[in-house]
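The values are calculated or read from the model by the stated rules, or taken from the named source; none is laboratory data. No experiment lies behind these values; they were computed from the predicted model shown. Here the Cβ is made from the backbone with ideal geometry for all residues, glycine too, and neighbour counts use every protein chain on show. With ligands, DNA and RNA removed, areas are computed over all heavy atoms of the protein, side chains included. Shrake-Rupley method; radii C 1.70, N 1.55, O 1.52, S 1.80 Å.
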Amino acid sequence: MKGNKQESSDYNEGSKGKMTLTLALVSLISGFGSSFQYGYNVSVINSPAPYMQDFYNKTYFKRNGVAMDRSFQTLLWSLTVSMYPLGGFFGSLMVWPLVNNCGRKGTLLINNLFSIAAALLMGTSELAETFEVIIFSRIVMGIFAGLASNVVPMFLGEVSPKNLRGAIGIVPQLFITVGILVAQILGLNVILGNAGGWPLLLGLTGIPSLIQALTLPFFPESPRYLLIQKGDEERARQALQKLRGCNDVDDEIEEMYQEDWSEKEEGRFSALSLCTFRGLRWQLISIVVMMMGQQLSGVNAVFYYADRIFQSAGVESSNVQYVTVSIGAINVVMTLLAVLIVESLGRRILLLAGFGLCSVSCAVLTLALNLQTTVSWMSYLSIVCVVVYIIGHAIGASPIPFVMITEMFLQSSRPAAFMVGGLVHWLCNFTVGLVFLYMEAGLGPYSFLVFCAICVATAVYIFFIVPETKNKTFIEINRIMAKRNKVEIQEDRELEDVHTVPGGQAWKKEFFSRDL
């Protein structure tokens, strides 16, 4: 037993991976080709909204000879906005079947079809004189984003060595923020956010997908998918060797076999079986809480209020769009900072700091918004609150929950966990978009007290329940959560199988005798 523990320790010390060119390119291509577009399409219709609504009116008038009713125009624009998160919900439903049958890389390649088709439809909608196509395309882009927001973190988490898993796991969120920023910049009135440029602005979303479709096939599939789900050790070994830049990948192959054996009796989880399985209860609750906290923490409300906050501080309405771009830039910079510090500070610290900053800024923002008509400097305090909130969300609340889904679940349950997490993410996103305007009308600035309470509740849950997963293997994290779930993981037999590797070298696969 002592020898087994020593061998496990040797594995943990000796398995630190490095950032190779292949791993970096896989991260960049999948981030740019998929996650970037999620962010881009979140904000792409904000700037050209008046011109798009004018196109809706003109098209309707040409068809019917009468002007569009005001309430009908509001309905059409509400559909244009809300169909995107609704499509994301449907896309999340497709995660489990696609990643299990087509693989992680295969799913990303298939997903490009949605984006390219939607981009062509949106880009030609003005020529075709049809606004219905835009609404339909927003659903299609939502399906793309629903798949991308789940599959990219899963894919990158599985191809990364454990000591880089957190940093690489935040790369998708980094590209989401870059996508938002690029859409804000291109959406400026002087660039494409005008009457002549908005169709091109919408159609540009197909370019990253085209690049991904042409380049990603030359890179490896997830080694864990190949070995654990397909049973193809040779291809898994080749994929690992490309990703790690070395031939000696026996330690990681052995760890995958150990994970495979430890979950053999459980079988492959569906979303329903995951929700009823006691051994993963706290992992599932944790993901649901973090995803709800991420979307219900008020990030959309802060962006909604940002324009009027800056105007009250003396920024001219014509310049507000440039201030919005600066907020987007802060979002990108702070997410990049999270990439750089997550492996040194850990996941828990960033989550707690992120939700903590969000809760404090929401509370102070409530005070500042209520007093800004009587106390002149309160409007500047409001701006500080907005910036602090964006920083908090960017370093913790936005990027880390997706990293935690990858790390808290093993191969058999991970697709179902991402499906459940994605459903919660997009359902809450859709709900906030639907409810917030009514909430704002009824509560005004006091809406932020609700968001403050949600941030505090999420932070308290994380403090007491969610473990630190930094630099741990998936098996080690599973053992930590097994104690929380009050279930036993018994590994009381040793299996020794001899596997022949390319070149004729034989190696031994062992499972350590442990009883937690």
Query raised in the report: Does the stretch 184-202 include one or more residues that are modelled with pLDDT under 95, surrounded by 19 or more Cβ atoms within 10 Å (Cβ to Cβ) and part of a helix (DSSP H, G or I)?
Result: yes
**Report entry** Residue among 130, 80 that alone is polar (S, T, N, Q), at negative phi, outside any helix (DSSP H, G or I) and in contact (Cβ under 8 Å) with a residue 24 or more places away in the chain
**Finding:** 130
Report summary line: If we ask which residues in the stretch 203-214 are open to solvent by 40 Å² or more (accessible area, probe 1.4 Å) and part of a loop (DSSP other than H, G, I, E, B), their number turns out to be 1
Requested in this report: Could you please find all residues in the stretch 312-364 being part of a loop (DSSP other than H, G, I, E, B) and among the small types (Gly, Ala, Ser)?
Outcome: 313, 314, 346
Requested in this report: Among the residues of the stretch 167-183, count how many are crowded, with 23+ Cβ neighbours inside 10 Å and closer than 18 Å to residue 209 by Cβ.
Outcome: 7
Query raised in the report: So which residues in the stretch 215-231 are of a type outside the set (A, V, I, L, M, F, W, C), over 23 Å from the mean Cα position of the chain (by Cα) and either part of a helix (DSSP H, G or I) or surrounded by 20 or more Cβ atoms within 10 Å (Cβ to Cβ) (or both)?
Result: 229
**Report entry** Selected residue [open to solvent by less than 40 Å² (accessible area, probe 1.4 Å), at pLDDT 95 or above, in a helix (DSSP H, G or I) and within 29 Å of residue 337 (Cα to Cα)] from 87, 146, 91
**Finding:** 146
Requested in this report: Give the residues of the stretch 17-49 that are among the small types (Gly, Ala, Ser), in a helix (DSSP H, G or I) and within 15 Å of residue 180 (Cβ to Cβ), sorted by residue number.
Outcome: 31, 34, 35, 39, 43
Report summary line: Scanning the stretch 325-339 for residues that are open to solvent by less than 40 Å² (accessible area, probe 1.4 Å) and either of a type outside the set (Ser, Thr, Tyr) or closer than 16 Å to residue 385 by Cα (or both) gives 325, 327, 328, 329, 331, 332, 334, 338, 339
Query raised in the report: In this structure, is residue 462 surrounded by 17 or more Cβ atoms within 10 Å (Cβ to Cβ) and either over 22 Å from residue 273 (Cα atoms) or touching a strand residue (DSSP E or B) at 6+ places or on another chain (Cβ under 7 Å) (or both)?
Result: yes
**Report entry** Those residues of the stretch 368-398 which are without any contact (Cβ under 8 Å) to a residue 12 or more places away in the chain, more than 17 Å from residue 315 (Cβ to Cβ) and assigned to a helix (DSSP H, G or I), in sequence order
**Finding:** 371
**Report entry** Hits in the stretch 465-488 - residues which are assigned to a loop (DSSP other than H, G, I, E, B) and open to solvent by 30 Å² or more (accessible area, probe 1.4 Å)
**Finding:** 468, 470, 471, 472, 486, 487, 488
Report summary line: Inside the stretch 232-280, the number of residues satisfying the requirement of being more than 18 Å from residue 157 (Cα to Cα) and in a loop (DSSP other than H, G, I, E, B) is 13
